[in-house]
Amino acid sequence: SRIMKPVPNIWRFLLLFIASSSFAASFCPPSINNSNLMSTSRATRSAASRAMAAAASSGSKPKRSSSSSSTSTKVTSENKKQKKADTTASSARSTSGNDLPWYNFFTKSDPAYDDYMATEWGFEKREDSQLFEKLSLEGAQAGLSWKTILTKREAYRTTFHNFDIKKVAKMKESDVEEILATEVSGPDVIVRHRGKIESVINNAKCIQEMRKGELRESGQSFGEWLWSFVDDKPILNSWECSRDMPSKTAESEAMSKALRKRGFRFVGPTTCY
C-alpha cells in the first residue's frame, strides 16, 4: 500500500466480484440444474449492473473482464441447451406419455372395441365355425362400420345358432321373414337387410356342398381350404402409415373369385382381405 497508489473502493469490489465469479464457475458441479444456472446468471447481471452504475457515478470506467464475459457466455449456452432438452422431453411426453394403444385411433377408447382389437384382431382363426362367423360378419359390415356389427355380434350369434354351419344351412325363408319382422332395435337385433341375411344361410349351404364334394376328396376342412390362399400361414405386414394399406390384395381377390364361383355371396375381395 506504500508503493502502489490506493485502489478506489469500486475497483476493489470489481476485483473481488470477478475472482469469486470465476472461482464459482470453475467449480460448478456437473449436476447443476437449469434453475440454478438461471439464478446464477441473474445474480451476475444484477451485480455487474450495480458495479457499472457505481463506477459511472464516480467518473471511473471499469474494464470488462474476459473471465466474467466467458462465464456469462457459458451460462447462456447451458441455458439454451437445457431449454432445448426440456422442450424435446415435453414433446415426447405429449405424444407417447398417454400410453394409448395404436388402435385407439379407430376404437376411440370404446371398451368392447378395445377388447376386440387387443384379443381378437390379427389373431389366427382356423375352425370352420370361427371363419364362417368372420366371413358372415364381414359381409354384414358392407356399407357400415365394424363397430356397428361388433356391437350386434351377440345378436348375430343368437340368430344364426352360434354360426353352427349345419344348423344355419337348414334355416328357411320363414326364418328370414321372422328376422325382418322384428320390431326391436339396438344391439339385441341384427341388421335387417334381406340380402345380407339370406347370404349367411346361402353361404352355409355352399360350405355343406363343398364338404360333400371337393373338401371330402382333398381331405380338407373349410378352414384349411381358406388358409390355402395364403399358403397356410399369416401374412405379416409392416405399413408406415394408413395410406399405404390396401383394401384388397392378390390373395383376397383369388379367394373372392373362388368363393363366388362356388355360389357364395357378399364375399368381395375387400371382405376376404
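The values are calculated or read from the model by the stated rules, or taken from the named source; none is laboratory data. The model shown is predicted, which means the values in this text are computed figures rather than measured ones. When we count neighbours, we look across all protein chains shown, and the Cβ atoms used for this are built from the backbone with ideal geometry, even at glycine. Side chains are part of the model used for accessible areas, which takes the heavy atoms of the whole protein and leaves out ligands, DNA and RNA. Shrake-Rupley method; radii C 1.70, N 1.55, O 1.52, S 1.80 Å.
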* Quick one: accessible area per residue over segment 141-224, 1.4 Å probe, rounded to a whole number of Å²? -> 56
* Accessible-area composition of segment 209-259, carbon plus sulfur, in percent [1.4 Å probe] -> 48
* If you take all C-alpha pairs in segment 122-273, what percent of them are over 19 Å apart? -> 55
* Apply 1/(1 + (r/R0)^6) to the Cβ-Cβ distance of residue 228 and residue 157, taking R0 = 25 Å, and write down the FRET efficiency to the nearest 0.05. => 0.40
* At a Förster distance of 25 Å, what's the computed FRET efficiency of residue 166 paired with residue 258, Cβ-Cβ distance as r, to 0.05? -> 0.65
* Would you mind computing Rg(Cα) / (2.2 N^0.38 Å) for segment 219-273, counting N as its residues? => 1.24
* Rounded to the nearest 0.05, what FRET efficiency is calculated for residue 241 and residue 193 with R0 set to 30 Å and r the Cβ-Cβ distance? -> 0.35
* To do: Mind listing the long-range amide H neighbours of residue 265? Cut-off is under 5 Å, sequence gap 5 or more, other chains count too, H placed in the peptide plane at 1.01 Å from N.
  => 203
* **Residue order for 230, 189 - accessible surface, 1.4 angstrom probe, largest first** => 230, 189
* Asked: Between residue 105 and residue 216, what length comes free when the chain is fully extended (0.36 nm per residue of separation minus the Cα-Cα distance, one decimal in nm)?
  -> 35.6 nm
* To do: Sort 180, 137, 144 from largest to smallest accessible area, using a 1.4 Å probe on the heavy atoms of the protein chains.
  => 144, 180, 137
* **Among 263-270, 146-153, the order from most to least packed when residues are scored by Cβ within 10 Å on average** => 263-270, 146-153
* Which net charge results when you count Lys and Arg as +1 and Asp and Glu as -1 among the other residues whose beta-carbon is under 10 Å from that of residue 116? -> -2
* Asked: What are the residues whose amide H is under 5 Å from the amide H of residue 192, where those residues sit 5 or more places off or on another chain and H is modelled from the backbone?
  -> none
* To do: Work out from phi, with θ = phi - 60° and the Karplus expression 6.51 cos²θ - 1.76 cosθ + 1.60, the ³J(HN,Hα) of each residue of segment 113-123, listed in order in whole Hz, and give x for Gly and Pro.
  => 5, 4, 5, 4, 5, 7, 10, 10, 4, x, 8
* Asked: Residue by residue, what Karplus-based ³J(HN,Hα) values in Hz, rounded to whole numbers, does segment 188-197 have, using 6.51, -1.76 and 1.60 with θ = phi - 60° and x for Gly and Pro?
  -> 8, 9, 6, 5, 8, 10, 3, x, 5, 5
